[in-house]
Structures are given as structure tokens and as C-alpha cells.
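Below: one structure, written as C-alpha cells.
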Amino acid sequence: MLLACCRYILILLCISVTGCATTYTSKGASQLPAQQLGTLEHPDPVHGGIVIERVDGQWRGVGLITSYRLTPGRHSLGVRVNRAFSASGRVVRWFDVKPGGRYLIEAATDTAAKRWGFWIIDKETGQRVDREQAEATL
């Protein structure tokens with residue numbers, strides 16, 4: 001009986017977690033046609049404990065966000081690693097979104113060495129497009 005109850009709870013938990021995957025939309029994006037927006041994909045926001053906490057310095061909200069619709073221009077991501085018994089400090093990276101651009105966040109963690117990193121890839125070119133600091137504008 002207890003085993004059946006635990007299975008039922010586990011199934012409900014899995015359904016609720018997968019049902020929470022949402023899309024983040026940046027400020028001003030709702031006023032633009034979809035083809036003018038860029039999209040950042042974070043296909044597995046739980047894997048490796050990599051969590052995007054902030055977009056452009058603002059808290060991005062609650063939930064498993066797998067897609068970020070962003071206006072063209074410079075954006076920042078504040079990311080940290082949250083593991084079972086440890087959490088990292090936040091790392092901020094900047095990147096420029098092009099209209100219609102498609103981007104992917106990739107990450108790696110080395111738990112034994114307590115190291116981690118992330119980068120943003122342009123899906124069309126395969127090139128890394130993020131920077132550690134915002135460049136000054138003239």
C-alpha cells in the first residue's frame with residue numbers, strides 16, 4: 001500500500017514539474033512581432049543545477065523556464081549553480097540579441113573540483129557570443 005502511494009505521489013510530482021516549463025518574455029517583447037525577437041533556449045533547466053536567476057538584472061520569476069523571448073539588443077544573464085548541498089555565487093554574462101536570432105545556453109559542472117561555467121551559443125553559427133562584461137557604448 002505504501003509503495004503504491006509513493007508511486008502515485010512520484011507520478012503527480014513528475015507531471016507537475018513538467019507542466020511548469022514556461023517561456024520568459026522580456027520587457028517590450030510583447031509590442032514586437034515574433035520574427036523581430038531573439039530566443040534563448042535553456043532546454044534542461046534542472047540538469048547540472050544551472051539556474052538562470054536574473055535577466056537584465058531583474059529576477060526572472062518562478063518556474064522551469066526553457067525559453068527566453070528577448071528584444072533585440074544587449075542583454076545580461078545572472079546564473080548560478082544550485083546543487084543538493086551547495087550553491088555558487090552568481091556569474092553575469094552579456095550578449096547581443098539579433099532580430100530572429102536563436103541562442104542556446106550551455107554549461108558544464110565539475111563537482112569534484114567545485115568548478116562550473118556557462119556560455120551562450122548562436123545556434124546558426126555555432127559560435128560563442130557571450131562576454132563577461134558589458135562593453136562600453138559611445
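Express the Stokes-Einstein translational diffusion coefficient of the range 44-86 in µm² s⁻¹, to the nearest whole number, given a Kirkwood radius over alpha-carbon pairs, 37 °C and a viscosity of 0.692 mPa s. If you can, show how the numbers build up before the last one.
Working: Rh = 11.4 Å.
Result for D is 287 µm²/s.
To one decimal place, what orientation-averaged projected area in nm² is obtained for the convex hull of the Cα set of the range 21-122? The partial results should precede the final answer.
Details: hull surface 24.7 nm².
Answer in nm², one decimal: 6.2.
For the range 55-70, what does the Karplus curve 6.51 cos²θ - 1.76 cosθ + 1.60, with θ = phi - 60°, yield as ³J(HN,Hα) per residue in whole Hz, taken in order and with x for Gly and Pro?
So the J values, rounded to whole Hz, are 10, 6, x, 10, 4, 8, x, 9, x, 8, 8, 10, 9, 10, 8, 10.
Readers should treat all values here as calculations from the given coordinates under stated rules, not as data from a laboratory. Owing to the predicted nature of the structure, the values given are computational and were not obtained by experimental measurement.
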